[in-house]
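Readers should treat all values here as calculations from the given coordinates under stated rules, not as data from a laboratory. Keep in mind that what you see is a predicted model, and the values were worked out from it rather than measured. For neighbour counting, all protein chains shown are included, and Cβ atoms are generated from backbone atoms with ideal geometry for every residue, glycine included.
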Amino acid sequence: MNELRKTTLRSEVDFLVGFPFKSDGYSSDGVRLLRGDNIAQGTLSWSDAKKWPTSQCEDFEPYELQEGDIVLAMDRPWIDAGLKYASVSRYDLPCLLVQRTARLRGGKNLDTKFLKYVIGSPQFTKYIKCITTGSLVPHISGDQIKDFGVQLPRLSTQKKIAAVLSALDAKIDCNNRINAELEAMAKTLYDYWFVQFDFPDANGKPYKSSGGKMVYNPTLKREIPDGWGDRQLSQIANITMGTSPIGESLNDSGEGVIFFQGSTDFGWQFPTVRLYTTQPARMAKRGDILLSVRAPVGDLNIAHLDCCIGRGLAALNSKDGFDGFLFYVMQYFKTIFDRRNSEGTTFGSITKDDLHSLPLAYPTTDLLKKYDEVVSGYNQMIFTRSMENQQLTQLRDWLLPLLMNGQVTVA
């Protein structure tokens, strides 16, 4: 067993809290600002990135992040989905660190790659949950982070442990990037065919751009291709609105049926299993689309197994077997919800009636079959890689504490 040295992060890390950039200085173009909102569980999300003018960035050189830096949200550092921390990748650069966000780098006796797994360890999460203060905005201080006690093996051993865990993370990240490209391809095809109406016509040319006949639809209040109709969502999808089982039936010991309460359980493609219920109420089937019906309204995942769903979710599947088309219909509705949110019309939730009555232009069956032939292949590849990632994540999380405390050694 490796000899472990007791110390604290204060003695080992290069620690920095971000700069209070003023919102009136934000720019539509420039360098991205890393805020706590951009930090998810082990990854960064730039979907709502704020930017700072490139011409002014020289003044903030100390706050420039580097590849491998560990970042941690200091406001709401832990949510139901897990600890909000990540390692900065080359794809995230350049970016600047914003206030209430911490940056950690290793020192001469602490490898930065190993530090990532110290921060991602169950021990650090437990520590953060115990010291977080504030009811409205739970938060932690820089001193509290630096006071975390840690047992460190020799630097050479740290590097070996980090190499093993990093190899697993690299494969997970590679799968995620491939999946993101596949999903982007399917989404782009949906946009061309069903939003811009440039699906292949009888001659293989883009329909609308080539002068295809468009007809005004009074229900949708816009033109749609000749031969298309209008539908409400409930006409093309079976919709199950979730309802939460009684609290006494919930457990994390695996007793009963898997239960997902809302979008806090969502992962990149599939939700993360955390709770079970012995008294399930509303069920979703394997392959169903899971829709968040509470803020953030419109977030999506796929049920990779049969499960009970709570009041924060709805489950949908296609009445005609075109689940690939239905998924990207819901992605399209998500962009509408997001746009309305950005315009100040906040959606705290969506009711059953509102969800059922969402209108859409509905194409011909032949076109739906063509789209499904393409997208079903993409979806199968996404599913396969996502399931592999779940297994890799479970292996990494099982190895992590064993490697960190010296129970398992690396040759």
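A few comments on the model shown:
- Inter-label distance, nm, simple model (7 Å from Cα along the C-beta direction), residue 405/residue 64: 4.2 nm
- Based on C-alpha pairs under 8 angstrom that are at least 6 apart in sequence, region 5-152 has a relative contact order of 35 percent.
- Rel. contact order, % - alpha carbon contacts under 8 angstrom, at least six apart, the chain: 15 percent
- Sequence-separation-based contact order of region 251-302, relative, with Cα cut under 8 Å and 6+ spacing, percent: 38 percent
- For residue 150, distant residues with modelled amide H under 5 Å away: 7, 8, 9
- Once you reduce region 35-68 and region 213-291 to the center of their Cα atoms, the two points are 33 Å from each other.
- Here is what passes the span test in the chain: the DSSP H helices with alpha carbon length of 30 Å or more along the helix axis and a Kyte-Doolittle mean of 0.0 or above are 155-190.
- A full extension of the chain between residue 181 and residue 272 corresponds to an added length of 30.6 nm, given 0.36 nm per residue minus the alpha carbon distance.
- Calculated [θ] (222 nm, deg cm²/dmol) that DSSP helices of n ≥ 4 give over the chain, each run adding -39,500 (n - 2.57): -10500 deg cm²/dmol
- Distance between the pseudo-spin-label points of residue 388 and residue 354 (7 Å out from Cα toward the beta carbon): 4.0 nm.
- Separation of the residue 51 and residue 24 label points, Cα + 7 Å toward Cβ, nm: 2.2 nm
- DSSP bridge analysis restricted to region 229-362 gives an antiparallel fraction near 90%, rounded to the nearest 5.
- For residue 6 and residue 320, the difference between the fully extended length at 0.36 nm per residue and the C-alpha to C-alpha distance is 106.9 nm.
- Qualifying trypsin sites (Lys or Arg not before Pro) in region 5-43, DSSP loop, other Cβ atoms within 10 Å at most 13: 22
- Spatially close lysines, pair count over region 18-155: Cα under 16 Å, gap of eight or more or interchain: 10
- Rounded if a/c under 1.5, otherwise prolate or oblate - region 5-152, Cα gyration tensor axes: prolate
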